[in-house]
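Just below is one structure, and these are the notes that go with it.
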Amino acid sequence: MAKESAYRRAGVDIAAGQRATELMREAVKASQGPEVLAGIGAFGGLYDAGAVAALERPVLVASTDGVGTKTLVAARLGRWETIGRDLVNHCINDILVQGARPLFFLDYVASARLEAETVAMVVQGMAEACREAGCALLGGETAEMPGVYHQGAIDVVGTIVGVVAQAQIVDGSRIQAGDLLLGLPASGLHTNGYTLARAALAELDWEVPHPVLAGRSPGAALLDVHRSYLEPVQRLMDAGVDVRGLAHITGGGLLDNPPRIFPAGLGAVLRRDSWPVLPIFSLIQRLGDVSQAEMDHVFNMGLGMLVALPPSDLARAQSALPGDSYVVGEMVRGEGVSII
């Protein structure tokens, strides 16, 4: 009988890592086009930047983020098929607000003990989201670190690199008082506020349908995939809409994120009755006894992306996004965000 590996006895199973790589290999390759010269298995990913060089003054845009404690929801429910999509779409949106299209994505998945099938499921979700966005999953790292992570917990982080021509950067500098704010609906909590959400809903059975959620279970609502806004924003731009600013509503909610793109001296007024608030937020607020001000500061409240545009372009924008946007407010003299 072969002697058990000392490394495995110490808590790290190299064979499990190799199995995870094999399970995810085909999905990762499916996200890669001919511009990927070396991907999974290489020490470093190689990406042919010829198409980037063809742009006039190309600017690379990069971002790194995670999905926070949404992984604990996935662990509680034993459902890992959506977490990878959440991560990729979150990162896509973060560079999209500056007008960038994604080029490639790198992931980091870490746990105390590597479960090959679980890791492969997470990475397969990433690969599928990358393929849909025309973005290559170029490579990543799978780490098994007992003593650093709690048993059963998984940490998921990603880095994305995209590109935009310098003349097409969207930075909010052209936003003016009187511009309208168009809200694009969120699909759920996306990837923020899960520590508060888990505490508020802790006493519920997350797998039993709840009447407030129209017969859906809390777990299903909490795991709704973070929406990518790449396609709708591209439709706006293709329609000739003057997109003056984009704000991805993530950590900090409706109060902290929009001002990140406001020129000095400008603020915004949002009208609370102008968009539908998803039922999951009402449930969290009631069961967690959370004030409205804190809800606005933690969650997206049903708005995943805000678009600043001149009033003259509103009809064109609504035509480009039929039934998929709300006029939620306008830019004013002042500072910060007021919700009335």
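Figures for the structure shown
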{"item": "Residues of the stretch 75-101 classified as outside any helix (DSSP H, G or I) and within 13 Å of the chain's Cα centre (by Cα), total", "result": "2"}
{"item": "Cross-chain or 6+ apart pairs with Cβ under 6 Å, the stretch 89-115 first and within 20 Å of Gly139 (Cβ to Cβ), then among the acidic types (Asp, Glu) and part of a strand (DSSP E or B)", "result": "His90/Asp65; Cys91/Asp65; Tyr108/Glu141; Ala110/Asp155; Leu114/Glu144"}
{"item": "Residues satisfying the stated conditions in the stretch 236-245, i.e. over 24 Å from Thr64 (Cβ atoms) and either part of a strand (DSSP E or B) or among the hydrophobic types (A, V, I, L, M, F, W, C) (or both)", "result": "Leu236, Met237, Ala239, Val241, Val243"}
{"item": "Tally, over the stretch 66-92, of residues that are within 13 Å of Gln124 (Cα to Cα) and crowded, with 24+ Cβ neighbours inside 10 Å", "result": "5"}
{"item": "Matching entry among Thr195, Thr159 (being outside any loop (DSSP other than H, G, I, E, B), in contact with a Ser or Thr (Cβ under 7 Å, 6 or more places away or on another chain), in the same structural domain as Glu330 (by TED's automatic domain parsing) and not hydrophobic (A, V, I, L, M, F, W, C))", "result": "Thr195"}
{"item": "The stretch 65-88, residues that are in contact (Cβ under 8 Å) with a residue 40 or more places away in the chain and at positive phi", "result": "Gly68"}
{"item": "Residue in the stretch 116-138 that is touching a strand residue (DSSP E or B) at 6+ places or on another chain (Cβ under 8 Å) and acidic (Asp, Glu) present", "result": "no"}
{"item": "Residue match in the stretch 124-136 (condition: part of a strand (DSSP E or B) and assigned by TED's automatic domain parsing to the domain that holds Leu77)", "result": "yes"}
{"item": "Tally, over the stretch 144-171, of residues that are crowded, with 16+ Cβ neighbours inside 10 Å, within 25 Å of Gly125 (Cα to Cα) and in contact with a helix residue (DSSP H, G or I) (Cβ under 9 Å, 6 or more places away or on another chain)", "result": "11"}
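The values are calculated or read from the model by the stated rules, or taken from the named source; none is laboratory data. Everything numeric in this text was worked out from a predicted model, so none of it was measured. Virtual Cβ from ideal backbone geometry, glycine too; neighbours counted across all protein chains shown.
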